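For reference, the structure discussed in these notes is given below.
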Amino acid sequence: ATNQSWGGRFSEPTDAFVERFTASVSFDQRLAAQDIRGSMAHATMLARVGVLTDDEREAIVTGLSEIRDEIERGEFQWSVPLEDVHMNIEARLTDKIGITGKKLHTGRSRNDQVATDIRLFMRDAIDAIEVELIRLREGMVALADREADTIMPGFTHLQTAQPVTFGHHLLAWQEMLARDHERLLDCRKRVNVMPLGAAALAGTTYPIDRHVTAELLGFNRPAENSLDAVSDRDFAIEFVSFASILLMHMSRMSEELVLWTSAQFDFIDLPDRFCTGSSIMPQKKNPDVPELVRGKTGRVYGHLMGLLTLMKSQPLAYNKDNQEDKEPLFDAVDTVGDCLKAFADMVPAIEPKKVNMFEAARKGFSTATDLADYLVRKGVAFRDAHEIVGESVAYGLKEEKDLSEMSLDELRQFSQVIESDVFEVLTLEGSVAARNHIGGTAPDQVRAAAQRAREALAVL
Ligand code: ARG
């Protein structure tokens, strides 16, 4: 026998390199609080069904809460030979309370223990991430409401298309986040299922009551099948999928923020506290926060691919491969949390440069479609109207004049049906106000949409 907790059948100690190679304590110590919660609930359940005495349960729970304090104070001595967070804590418990500590692992395996710990951790992480996501959505909706009348060019192919309101653009972002929020909450449902009681893979011979443990730990229910319970990491993949889609969205927002802060667009200013300078070019103010969010998207995509590949072709039930789930998952949690925090702080502080936005919309012939629609209302077929307006745009390009800057006579060269009422439709304000239906960019619609978004957030 060797002196490991599983050393009974071994005749030589683990190779020193293999000991380090197989250990996970350097990163899974992050699960300590969840591991202790799970152990307390397990001991309480064992006492309830008569496998432990109440005194034994009491000693275990007291010992574990002291260990929790030691860890919080940074006094706990983590040991690599003890391999992982679970055996470190159990060994310390036995140090403290003696033989009773060795009874904690009755009817349990590290396989169901670690799966339970990660799920508890993910539940806490999801709840913290949701707080930041809500803060970001609220900030975005408030800014959209304030900017419901602010006109900017809308783009397709990154070419000026039609005028929109800045509020409408922000609410488009908000819709992306609303879907991400649904995905997060949906993922939480499948996270919140309890593996504990599956033991190594087949269940246990003790008269455990999994409903009691599930209730103590706030899980919705015990996992249905012990083999699946110890081997399933779908919830981790689902979370990182959520994170990847969220960051895909945030990278799109970032890209727009970066473009808009450039001198060439000059649509917005970001307060200095969200930017940094250059060590060589004294004039520079760089939009680092959106750039980094855009960049961090890549590492989270990498974690998604890593976890999918980790699980690929694994036979039932637990395999040591699964120890590799933690680092990508932790990093995805941290990255998403940081990106959301950065955005939730920064978005409400965006300062639109309204005159520049307005001028950019005016210069790009963004009301050309409005003129075509006007001609259609006067009886011209749409294809003919398209042609007529195309010619007037060509004229405007040559003369360096927007449609709204042309005289009635100039416009009438292209169609005799044009009358002085055309000027209402050629203004940017007229153009946005005319798109006055649910989902449209009219300022009144934007205010109504912001109100609906606020109500949806209020009932969460
Ligand atoms: N450190 C392991 C993990 O993270 C815990 C479970 C190990 N179980 C085992 N039989 N080796 O997955």
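The table that follows gives values for the structure above.
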read-out	value
Helix-only mean residue ellipticity at 222 nm for the chain, each DSSP H run of n ≥ 4 adding -39500 (n - 2.57), per residue, nearest 500	-20000 deg cm²/dmol
Whole-Å semi-axes of the stretch 14-106's equivalent ellipsoid (Cα gyration tensor)	25, 14, 11
12 Å beta-carbon shell around P271, net charge (K/R +1, D/E -1)	-2
Most positive-pole-ward Cα, I71, H105, V85, against dipole of the stretch 67-116 from beta carbon charges	H105
Along the chain, longest interval not containing exposed trypsin sites (Lys or Arg not before Pro), exposed being DSSP loop plus at most 12 other Cβ atoms within 10 Å	74-283
Cleavage-rule hits, GluC sites (Glu not before Pro), the stretch 384-460, DSSP coil, Cβ neighbours within 10 Å at most 16	E400, E419
Dipole moment magnitude, nearest 20 debye, the stretch 196-307 about Cα centre, only Lys, Arg, Asp, Glu C-beta charged	320 debye
Cross-link table K285/K341; K103/K312; K96/K320; K285/K401; K189/K312; K284/K398, entries beyond 27 Å C-alpha to C-alpha	K103/K312; K96/K320; K285/K401; K284/K398
Interchain or long-range residues, amide H under 5 Å from T276's placed H	N286, D288
Within the stretch 71-105: backbone nitrogen closer than 13 Å to the A33 label point (7 Å, Cα to C-beta)	71-73
Amide H partners (placed H, <5 Å) of G154, local residues excluded	A161, Q162, V164
Loop-located GluC sites (Glu not before Pro) in the stretch 159-225, at most 16 other Cβ atoms within 10 Å (DSSP)	E224
Shape box of the stretch 289-342 [Cα atoms, principal axes, largest first, Å]	43, 15, 11
Cα extents of the stretch 364-458 along the three principal axes, largest first (Å)	55, 28, 21
Charge dipole (the stretch 339-425, unit charges on Cβ, about Cα centre) - positive-most of L375, G390, F365	F365
The chain - Debye-derived log10 I(q)/I(0), Cα point model, q = 0.07, 0.08, 0.13 Å⁻¹	-0.53, -0.64, -1.13
Charge dipole magnitude, Cβ of K and R +1, D and E -1 - the chain, Cα centre, debye nearest 20	760 debye
Selection from P290, I208, V131, by position along the positive dipole direction of the chain (Cβ)	I208
Whole-Hz couplings from phi, Karplus 6.51/-1.76/1.60, listed for the stretch 166-175; x for Gly and Pro	4, x, 5, 4, 5, 6, 5, 4, 4, 4
Hull shadow area, averaged, the stretch 193-243 [alpha-carbon convex hull, nm²]	3.8 nm²
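Any read-out appearing in this document is the output of simple, stated calculations on the displayed coordinates, not a laboratory observation. Keep in mind that what you see is a predicted model, and the values were worked out from it rather than measured. For neighbour counting, all protein chains shown are included, and Cβ atoms are generated from backbone atoms with ideal geometry for every residue, glycine included.
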